[in-house]
Amino acid sequence: MITVHTIAALKEQLAIFRSTTQSIGFVPTMGYLHEGHESLLKKARNENDVVVLSIFVNPSQFGPNEDLDRYPRDLERDLAIAKKSQVDIVFAPSIEEMYPTKMKIHFLAEEQSKVLCGASRPGHFEGVLMVVTKLFHLVSPTRAYFGMKDAQQLAIIETLVRDYNFPLEIIRGETIREEDGLAKSSRNVFLCEKEREEAPALFQALVLAKEHFQKHRSVIDAIQKATEHVTKNTNAKIDYLQLLEYPSLAEVTEDSQEMIVAGAIYFENARLIDNQIFNVKGE
């Protein structure tokens with residue numbers, strides 16, 4: 001495994017692999033890797049000749065009052081996990097390397113970014129699109145792997161790749177969970193003991209909403225069920241609970257086939273997100 005910190009070094013290493021026309025699987029992350037990331041790396045390893053992992057806490061997707069400085073970082077630990085996962089190249093650049101000058105061209109994510117996390121985090125997805133575009137150009141992967149836990153992010157990136165004809169395939173990875181249903185997340189380390197006991201209620205609430213909607217086809221009632229469950233079983237503040245069409249993230253209509261019920265809740269030092277994606281046939 002080779003670890004590089006500069007764009008020049010990344011290009012040099014990738015040129016060696018490209019000379020033999022090998023497929024490249026790319027897993028972009030902000031580090032502090034967990035089992036969810038490992039599952040993406042495993043999938044990339046099984047489906048490609050070369051695996052590239054990026055570790056970069058991207059400042060452009062954090063708002064002024066968000067946890068950029070507190071976001072967990074442990075490069076040594078991440079490199080050990082990457083080596084165990086048989087990664088070929090780890091790209092771990094500095095902020096100065098990724099953004100040597102002020103960015104003067106920006107994306108506008110439009111309708112998909114105005115709901116769910118985007119409603120309370122203005123500019124977040126524009127920052128995601130900025131860094132993902134840079135990384136896609138630098139790595140030029142055959143396939144890029146993203147987890148379904150960040151389903152809104154995934155939908156927006158799929159739209160980016162489709163609309164701008166990026167020559168790569170986006171591969172979805174299932175959400176990896178703890179035994180009690182809590183979605184794996186780097187931010188889970190910020191939960192105190194009591195909050196950790198309450199946190200699975202978000203997943204439980206989303207399952208209740210999904211099942212209620214499949215039986216009764218009422219978005220309002222389904223979200224009410226989820227809200228009541230979170231309120232009754234946690235001291236968390238609800239950021240949002242919504243049921244929308246997926247991946248368009250538009251309002252559900254009679255013609256909607258695939259849906260997402262998603263939620264975000266705030267504990268004292270952690271904001272947790274989760275979702276359930278399902279279709280009208282009950283799958």
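Bear in mind these aren't lab numbers, they're just calculated from the coordinates by the rules spelled out. None of the values given here were measured: they were computed from a predicted structure. We place every Cβ from the backbone using ideal geometry, glycine too, and count neighbours over all the protein chains shown.
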Longest DSSP-loop-exposure-free segment, trypsin sites (Lys or Arg not before Pro), the chain, at most 11 other Cβ within 10 Å: 105-280
Segment residue 16-residue 172, length gained on full extension (0.36 nm per residue, minus Cα span): 53.4 nm
Long-range amide H partners of residue 246 with built H, under 5 Å: 258, 259, 260
Mean ellipticity per residue at 222 nm, deg cm²/dmol - from DSSP H runs of n ≥ 4 across the chain, formula -39500 (n - 2.57): -11500 deg cm²/dmol
GNM flexibility winner over the chain from 124, 37, 106 (Cα, springs under 10 Å): 106
Residue with peak Gaussian network fluctuation, the chain [Cα springs, cutoff 10 Å], from 96, 245, 169: 96
The range 86-166: chymotrypsin sites (Phe, Trp or Tyr not before Pro) in DSSP loop, at most 11 other beta carbons within 10 Å: 164
Signed unit charges on C-beta, dipole axis of the chain, positive-most listed residue 48, 60, 6: 6
Ellipsoid semi-axes in whole angstrom, largest first, where each is sqrt(5λ) of the Cα gyration tensor of the range 186-278: 25, 13, 9
Spatial extent of the range 122-228: Rg and Dmax, with the Cα atoms as the point set, Å: 17.3, 48
Residue 102-residue 224 pseudo-label distance in nm [points 7 Å out on the Cα-to-Cβ vector]: 5.1
Under-5 Å amide H pairs with residue 2, H placed in peptide plane, nonlocal only: 89, 90
Integer Hz, Karplus 6.51/-1.76/1.60 couplings in order for the range 122-135, x for Gly and Pro: x, x, 4, 6, 4, x, 4, 4, 4, 6, 5, 4, 4, 5
Which of 274, 239 has the fewest Cβ neighbours within 10 Å, and the rest in rising order: 239, 274
Among 220, 176, 89, residue whose mean-square fluctuation peaks in a GNM of the chain (springs only between Cα atoms under 10 Å): 220
Size of the chain as Cα extents on the principal axes (Å, biggest first): 57, 43, 38
Neighbour-count ranking [beta-carbon atoms within 10 angstrom, fewest first] of 273, 170, 265: 170, 273, 265
Hits among lysines - C-alpha to C-alpha of residue 215 under 30 Å, sequence gap 8 or more where chains match: 114, 149, 184, 225, 232, 237, 281
